[in-house]
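I have a structure here, written as structure tokens, and I will follow up with some questions on it.
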Amino acid sequence: EAMLDVEVKSKPSQPHWFERYVQPCVAELLGTALFVFTGCLSVIEVVPGTEKMQAALVHGLAAGVIVAALGDI
């Protein structure tokens, strides 16, 4: 007697409500808070002549770090 191997394909499960609604909101809140916080910190001690460049570099670096850390959420 030959026994047939039958694959049973289950439906892909839906993500949990927490992963679907809460996690993205928390990630957005955390990312925005870190972006604003680092932007404010970047202008506390400003070297004369580099005001705009320092703030721009900090915001660019902060955006890159936040996207790398929270982008997959």
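In segment 60-73, what count of residues is obtained for those that are open to solvent by less than 80 Å² (accessible area, probe 1.4 Å), part of a helix (DSSP H, G or I) and closer than 30 Å to R20 by Cβ? Can you show your working first?
Of all residues in segment 60-73, those open to solvent by less than 80 Å² (accessible area, probe 1.4 Å) come to 60, 62-64, 66, 69-71.
Narrowing further to those that are part of a helix (DSSP H, G or I): 60, 62-64, 66, 69-70.
Narrowing further to those that are closer than 30 Å to R20 by Cβ: 62-64, 66, 69-70.
Residues meeting the conditions: 6.
Of the numbered conditions (1) modelled with pLDDT of 85 or more; (2) part of a loop (DSSP other than H, G, I, E, B), V47 satisfies every one except a single condition; which is it?
Going through the list (1) modelled with pLDDT of 85 or more; (2) part of a loop (DSSP other than H, G, I, E, B), V47 breaks only (1).
Continuing with the same structure: When both residues are 6+ apart or on different chains and their Cβ atoms are under 8 Å apart, which pairs have a first residue that lies in segment 43-65 and is more than 21 Å from G31 (Cα to Cα), and a second that is open to solvent by less than 90 Å² (accessible area, probe 1.4 Å) and outside any helix (DSSP H, G or I)?
Sorted first by the residue in segment 43-65, then by its partner, the pairs are E51/V43.
When you scan segment 32-59, how many residues do you find that are open to solvent by 50 Å² or more (accessible area, probe 1.4 Å) and small (G, A, S)?
3
The values are calculated or read from the model by the stated rules, or taken from the named source; none is laboratory data. On a predicted model such as this, the values are computed, not experimentally measured, just so you know. A quick note on method: Cβ atoms are made from the backbone with ideal geometry, for glycine too, and the neighbour counts reach across all protein chains shown. The accessibility values were calculated without ligands, DNA or RNA, using every heavy atom of the protein model including side chains. Shrake-Rupley method; radii C 1.70, N 1.55, O 1.52, S 1.80 Å.
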